[in-house]
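The values are calculated or read from the model by the stated rules, or taken from the named source; none is laboratory data. Please read all numbers here as calculations on a predicted model, not as lab measurements. For neighbour counting, all protein chains shown are included, and Cβ atoms are generated from backbone atoms with ideal geometry for every residue, glycine included.
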Amino acid sequence: MKVLRWLAFALLTLVLSVILMVRTIGAGLGAMSVENGDWVTSTNTGSTDAGIMLKATIALGGLLASTREDSMYYRLSSVDGEPLRLNCRYLIEGDDYDANWWSITAYGWDNYLIPNKLKRYSFNNENIVRKEDGSWQIYLAAGEQHGNWLPVGSSGAPTWRKLTDYDFDLLLRLYTPGRAYLDEPQSAALPTVTLEGCA
Amino acid sequence: MKWLRTILKWCLGIFLCAWVGQYLLALVIPNLVMEILYQRGGVETDYNALFVNPRPDETMRKVVRPSPDLLYASCIFNLEQGPVVIESPVPERYWSMQFYQMNTDNFAGITNQRDQVYRIGTVVEVTLIGPDRNPGDYSGEVIQSPTQRGIMLLRASGIGDDTSARAALEKSSCRPA
């Protein structure tokens, strides 16, 4: 009976530790990260200065990340507070950015590339089709779209493992970012993402 | 009332242990994830040898959030038996050589960007030594790893014409000194 009691104690402690860790990571990331509209970036990713909670987060969701002088990562998982959904269509609009090159990639909630027939997972500054003025638009949706279509769909992992409120997210990578991103990541120019409608 | 006090005591104990436990858990996770990567990598290829990865797609599930716009090559190193020499031709477009220790810290890196653009067109040759070695005993470009084990990752831009980036990775090597 005593052994059973201690076993229950250990199990409950472990479960509560995981819950508290997830909560602390969520709250802590707010303090460690910088918001720029709906995009979020961390100023310590890949750095030896990263705290233990950030390191745990990176290990689970962005292992082997570069330091921000090498590349900056802006993540977007919701638009105006609404998590990204597979039954909705989104419009990403942008221009060129002060970086050696950039790319926008869609990832499933499982943090891996999303299976799709076209094997198209991202757009970058070279393969994107631009308007005459150099600006561009990307349609983000599960169903086929005209122009720059970034397909999304079900993640490769089984759905019982899904713990996120969003179905997929976006990662903007800026390689060798300019001073504006390093010094003022909260206000530097980024693409805008808008919800066009849901089925 | 005694049973209520006992339950409260247990709850307090669980909460206090869990509060400390969350930090211990967070401390363990990066090492655990890297250890899995290290062990899996050892099955895929030898330690202290370069592995050029195919271009990432949805089937690549070795590392989370792979970039489909990058070409990757990795060397899982173990310096217990001595230093490792890493060579890589540097292409014109974005290229980097990053070193990670077993707690995920990016402890060193070389690129062909910013004040290192002079590296374009050269061949980088790095001697990677363990924490127990003296850097002064080695010549050329020497990087000291804080841990005996870790991962070196080569990244090269794969956008547009990736011929030179691919060739650079395929000509790269990682081998015991």
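Quick notes
- Residue in the range B:43-60 that is surrounded by the fewest Cβ atoms within 10 Å (Cβ to Cβ), counting only those that are more than 16 Å from the chain's Cα centre (by Cα) and not hydroxyl-bearing (S, T, Y): B:V43
- Which numbered condition A:E126 fails, given (1) surrounded by fewer than 14 Cβ atoms within 10 Å (Cβ to Cβ); (2) in contact with a Pro (Cβ under 7 Å, 6 or more places away or on another chain); (3) of a type outside the set (A, V, I, L, M); (4) within 11 Å of chain B (Cβ to nearest Cβ): (2)
- Among the residues of the range A:80-123, those identified as more than 9 Å from chain B (Cβ to nearest Cβ) and of a type in the set (K, R) are A:R85, A:R89, A:K117.
- Among the candidates B:L70, B:L79, residue that is touching a strand residue (DSSP E or B) at 6+ places or on another chain (Cβ under 8 Å), touching a residue at least 40 places away in the same chain (Cβ under 8 Å) and within 11 Å of chain A (Cβ to nearest Cβ): B:L70
- Total residues in the range B:18-38 satisfying the condition of being within 7 Å of chain A (Cβ to nearest Cβ), surrounded by fewer than 18 Cβ atoms within 10 Å (Cβ to Cβ) and farther than 19 Å from A:L64 by Cα: the figure is 2.
- Candidates B:I120, B:I129 - the one that is at pLDDT 95 or above, of a type in the set (A, V, I, L, M), out of contact with any His (no Cβ under 9 Å at 6 or more places or on another chain) and more than 24 Å from B:L37 (Cα to Cα): B:I120
- Checking each residue in the range A:26-46 for being at pLDDT 70 or above and hydrophobic (A, V, I, L, M, F, W, C) picks out A:V34, A:W39, A:V40.
- Top-ranked residue of the range B:61-80 - restricted to ones that are assigned to a loop (DSSP other than H, G, I, E, B), under 17 Å from the mean Cα position of the chain (by Cα) and not polar (S, T, N, Q), ranked as surrounded by the fewest Cβ atoms within 10 Å (Cβ to Cβ): B:R61
- Matching option when the condition is within 16 Å of the chain's Cα centre (by Cα) and away from chain B (no Cβ under 14 Å), among A:W136, A:W39: A:W39
- A:W6 vs. criteria within 13 Å of chain B (Cβ to nearest Cβ) and at pLDDT 80 or above: yes
- Selection of the range A:139-162 for residues being more than 22 Å from A:G197 (Cβ to Cβ), more than 14 Å from chain B (Cβ to nearest Cβ) and in a loop (DSSP other than H, G, I, E, B) yields only A:K162.
- When A:L172, A:L190, A:L195 are checked against the criterion of being at pLDDT 95 or above and either touching a Cys at 6+ places or on another chain (Cβ under 9 Å) or part of a helix (DSSP H, G or I) (or both), a single residue qualifies: A:L195.
- In the range B:82-126, residue surrounded by the fewest Cβ atoms within 10 Å (Cβ to Cβ) [restricted to those that are in contact (Cβ under 8 Å) with a residue 24 or more places away in the chain, within 13 Å of chain A (Cβ to nearest Cβ) and charged (D, E, K, R)]: B:E92
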